[in-house]
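Written out below as structure tokens is the structure these notes cover.
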Amino acid sequence: MDNSGNSSTREWATPVPAGVAACIGGLILIGAAVVVANDPAGSVLLGIAGALLAALGAYTLAVRPRLSVSAGAPPALSVRTITGRRTYTPEHVQRIRLLTMRRIGRRAGQLEVDVVDDGASPDDARLLVFTRWDLGTDLISVVDELRAAGFEVDDDR
């Protein structure tokens, strides 16, 4: 979890070393695709895998911080995407929910946020989904910070 120096603002993002490792891994796979050029199918598959992994790494480095919350009056929830940053106040947030499920013998979770953009009807809510990978920390600590900032969070734990 990153802290911008302001005690009332908390930020979360995928750790930089993970993004860099994904970029390097993608480049290695692309290099391997060139090395195995005598196997066209393998070369294409390695090239596609490398390009996707490098794109994932670049994406995680470009959208930092992925989620941030400021505990001002009113509190604000900011989400960073490729197209830019959007900020939502509590009246624009329909629901925040921590969802946990069992997958392959272990508990996995996701943080779901339903938001309504300015000028949109409540029926046009957008669903934003964050995982541990997106936020770089345990989702329960993020939920605790959101509650402390003044947002209401549904929790199925």
* Correct option for Cα Rg over 2.2 N^0.38 Å [calculated from the coordinates] among (i) 1.25; (ii) 2.31; (iii) 1.05 -> (i)
* Accessible area per residue in Å² at 1.4 Å probe, computed on the chain -> 56
* Structure fact -> With x for Gly and Pro, the residue-by-residue ³J(HN,Hα) of the range 26-33, computed from phi through the Karplus equation 6.51 cos²θ - 1.76 cosθ + 1.60 at θ = phi - 60° and given in whole Hz, is x, 5, 5, 5, 5, x, 5, 5
* Relative to the compact-globule scaling 2.2 N^0.38 Å, provide the ratio for the alpha-carbon radius of gyration of the range 93-157. => 1.20
* Structure fact -> Using alpha carbon centers only, the range 100-137 is separated from the range 20-65 by a whole-angstrom value of 27
* Structure fact -> What helix-only [θ] at 222 nm does the chain give? Using -39500 (n - 2.57) per DSSP H run of at least 4, over all residues, to the nearest 500, the answer is -12000 deg cm²/dmol
* To do: Place +1 on the Cβ of every Lys and Arg and -1 on the Cβ of every Asp and Glu in the chain, take the dipole about the Cα centre, and give the residue among L127, A148, A22 whose Cα lies farthest towards its positive end.
  => A22
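Mind ordering 27-33, 15-21 by average Cβ neighbours within 10 Å, highest first?
Output ranking for 27-33, 15-21: 27-33, 15-21.
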* Structure fact -> Carbon and sulfur atoms account, in whole percent of the 1.4 Å probe accessible area of the range 31-131, for 60
* Might you report the magnitude of the Cβ-based charge dipole of the range 22-137 about its Cα centre, with Lys and Arg at +1 and Asp and Glu at -1, to the nearest 20 debye? => 540
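The values are calculated or read from the model by the stated rules, or taken from the named source; none is laboratory data. Everything quoted here is computed from the prediction, not taken from an experiment. Using ideal geometry, Cβ is built from the backbone for each residue, glycine included, and neighbour counts are taken over all protein chains shown. Accessible surface areas use protein heavy atoms only, side chains included; no ligands, DNA or RNA. Shrake-Rupley method; radii C 1.70, N 1.55, O 1.52, S 1.80 Å.
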